[in-house]
Each structure stands twice: as structure tokens, then as C-alpha cells.
1. List every residue pair whose Cβ atoms sit under 9 Å apart, with the two residues 6 or more apart in sequence or on different chains, where the first one lies in segment 65-88 and is surrounded by 16 or more Cβ atoms within 10 Å (Cβ to Cβ) and hydroxyl-bearing (Ser, Thr, Tyr) and the second, anywhere, is modelled with pLDDT of 70 or more and not in a helix (DSSP H, G or I).
2. Name the single residue, out of those in segment 1-18 being out of contact with any Asp or Glu (no Cβ under 9 Å at 6 or more places or on another chain) and surrounded by 10 or more Cβ atoms within 10 Å (Cβ to Cβ), that is modelled with the highest pLDDT.
3. Filter segment 38-70 for residues that are more than 10 Å from Val27 (Cβ to Cβ) and of a type in the set (Ser, Thr, Tyr) and give the result.
4. Please enumerate the residues belonging to segment 22-36 that are loosely packed, with under 14 Cβ neighbours inside 10 Å and closer than 15 Å to Glu73 by Cα.
5. Please work out which residue is surrounded by the most Cβ atoms within 10 Å (Cβ to Cβ), limiting yourself to segment 42-62 and to residues that are free of Cβ contacts under 8 Å to residues at least 24 places away in the same chain and in a loop (DSSP other than H, G, I, E, B).
6. Answer with yes or no whether Ala48 is of a type in the set (A, V, I, L, M, F, W, C) and at pLDDT below 70.
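The values are calculated or read from the model by the stated rules, or taken from the named source; none is laboratory data. This is a predicted model, so every value here is computed, not measured. All Cβ positions, glycine included, derive from the backbone under ideal geometry; neighbour counts span all protein chains shown.
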Amino acid sequence: MKRPARFAAFRSGSSEAMSLDAFLDHVYTYHGQERLCRDEIHRAAVTAELPADQLAIVDGLPEGEYAQDEAAEALRQVPDLLSPGDGQA
């Protein structure tokens, strides 16, 4: 089965992983919508073949609809949610 070409630019031999901000910019531009639900963002991340560490962050995105800036902020907060605390009681 052939993969969609919408993320081909990000997979075309570049050794650098795309940043999550660049990924979100591409997703929101492609969909042409102001708000996307978590499932649409996650499907796009899988289709884009994001690296496992970035996909884990997208997996941690809470359910809901997000504007692009809201999604970016929520994704920046996910690592703290996945590894809460630093030994403080």
C-alpha cells in the first residue's frame, strides 16, 4: 500500500527529524482548518512517521480540539505529564 505524499517532504532523505512545531504547521496547513481534534493530529503524526520519542509526546496529548498554538503549548507540557515530579513530596 502506498503512503500518502502529504508528508513526503519530511521523509525525503532528511536526516534531521522535523520539529513538532514544523509538524503542526504542516498539519494545520494541510487540513486548512483552524481547530483539529487530538485523533486527527495523532493520525497525521503516524502518517508522517514521526520518530518514536515525538510520537510518544503526541500520544500524550489530552483529548479535545486544539487551535495550532494550543496544540503546540499542550505538546510542550506533555513531557512533564509523562514524568511528573522530581522527587519532591
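1. Hits for this filter: Tyr66/Arg35; Tyr66/Leu36; Tyr66/Cys37.
2. Filtering segment 1-18 for residues that are out of contact with any Asp or Glu (no Cβ under 9 Å at 6 or more places or on another chain) and surrounded by 10 or more Cβ atoms within 10 Å (Cβ to Cβ), the one modelled with the highest pLDDT comes out as Met18.
3. Tyr66, the sole residue that qualifies.
4. Within segment 22-36, just Ala22 meets the criteria.
5. Here the residue is Leu61.
6. So Ala48 does not fit the description; no.
Conditions (1) within 11 Å of the chain's Cα centre (by Cα); (2) at pLDDT 95 or above, marked per residue:
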site: Asp25; (1), (2): yes, yes
site: Glu40; (1), (2): yes, yes
site: Arg76; (1), (2): yes, no
site: Pro79; (1), (2): no, no
